[in-house]
């Protein structure tokens, strides 16, 4: 049975927030400006193994953590063989994600929501039939917040309305995507008349600075949390491991052919 069922959802959400905050502390603004991170995220399946890597930037750590948590949530669900317990597991993650939203931990909220909406879990119709309507409605609300429509308009609007006095764990994937898109703009522009030197594209650099400034404001807000570590829960939430994609798919089909 997944360990999350043994602890209060709120406590788990608090510990996940602490872990995400510590990961954000590793992000260096210079890496953001220079796009100094691996453009192809590593396929992380074990946090211990990932931390053995020596060439990871702070952004790499946050992205790797994000991807691992998504796969971990899916893995925990498909590893739970009894349908009623699997429905309890899904319900538990909905509650954890809801608490994360309340805490303005948008990273963990998005990770869990993405996992629960994944094809390998969404196809388990007999399992979802055992999840209560109120809990499904909670997930629906989270899904609406996380939808990528209009460049994640709903999520951006809510995150960027956070005041400096409120704790916040941003979903930095929005900002790294913005920076990469902006970097595709030309660094120099053609001169207005032939024979003149090319012009520096100041708009590109101003946009990059604005994106980084917005992101750093939210990262700074992560220091406002005053959650207390719960040693056992913190350890279990930190040292995660997940199944390979092929095994996740195999188990999903085995549970409900």
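Values quoted throughout were computed directly from the atomic coordinates according to the rules given, and no laboratory measurement underlies them. Quick caveat: nothing in here was measured; it's all calculated off a predicted structure. Here the Cβ positions follow ideal geometry from the backbone for every residue, glycine too, while neighbour counts run over all protein chains shown.
Miscellaneous remarks
- On full extension, the segment bounded by residue 223 and residue 193 gains 5.7 nm, given 0.36 nm per residue less the C-alpha separation.
- Most fluctuating residue given options 119, 242, 107, as computed from a GNM of the chain linking Cα atoms under 10 Å: 119
- Gap separating the Cα centres of segment 220-257 and segment 61-129, nearest whole Å: 8 Å
- Within the listed set 185, 30, 54, the residue fluctuating most in the Gaussian network model of the chain (springs between alpha-carbon atoms under 10 angstrom) is 54.
- Sorting 171, 181 by the number of Cβ atoms found within 10 Å of their own Cβ, with the fewest placed first, yields 181, 171.
- Cα gyration tensor of segment 1-122 - equivalent ellipsoid semi-axes, whole Å, descending: 27, 16, 12
- Long-range Cα-Cα pairs in segment 124-230 (distance over 24 Å), rounded percent: 51 percent
- The chain: proportion of alpha-carbon pairs further apart than 32 angstrom, %: 26 percent
- The stretch between residue 202 and residue 140 holds 18.1 nm of extra length on full extension. This uses 0.36 nm per residue minus the Cα-Cα distance.
- The chain: angle of helix 58-78 to the longest principal axis, Cα-based, in degrees nearest 10: 20 degrees
- The angle separating the long axis of helix 173-183 from the principal Cα axis of greatest extent in the chain is about 30 degrees.
- Each residue in 57, 98 was given a count of other beta-carbon atoms within 10 angstrom of its own, and listing them fewest first yields 57, 98.
- Sequence-separation-based contact order of the chain, relative, with Cα cut under 8 Å and 6+ spacing, percent: 29 percent
- GNM remark for the chain: springs join alpha carbons under 10 Å apart, and the peak mean-square fluctuation among 18, 33, 219 falls on 33.
- The order of 164, 62, 131, going from fewest to most other C-beta atoms within 10 Å of their C-beta, is 164, 131, 62.
- Overall Cα dimensions of segment 123-163, principal axis frame, Å, largest first: 40, 20, 9
- Take every pair of alpha-carbon atoms less than 8 Å apart whose residues are at least six positions apart; their mean separation over the length of segment 132-257 yields a relative contact order of 24 percent.
- Counting only DSSP H runs of at least 4 residues, each contributing -39500 (n - 2.57), and dividing by the residue count of the chain, the helix-based mean residue ellipticity at 222 nm comes to -19000 deg cm²/dmol.
- Full extension of the chain between residue 130 and residue 184 yields a length gain of 14.7 nm, computed as 0.36 nm times the residue separation minus the alpha carbon distance.
- Relative to the longest principal axis of the Cα atoms of the chain, the long axis of helix 149-159 lies at roughly 80 degrees.
- Segment 13-61 shape via C-alpha gyration tensor axes, a/c threshold 1.5: oblate
- The radius of gyration of the Cα set in segment 63-186, together with its Dmax, comes out at 15.7, 56 angstrom.
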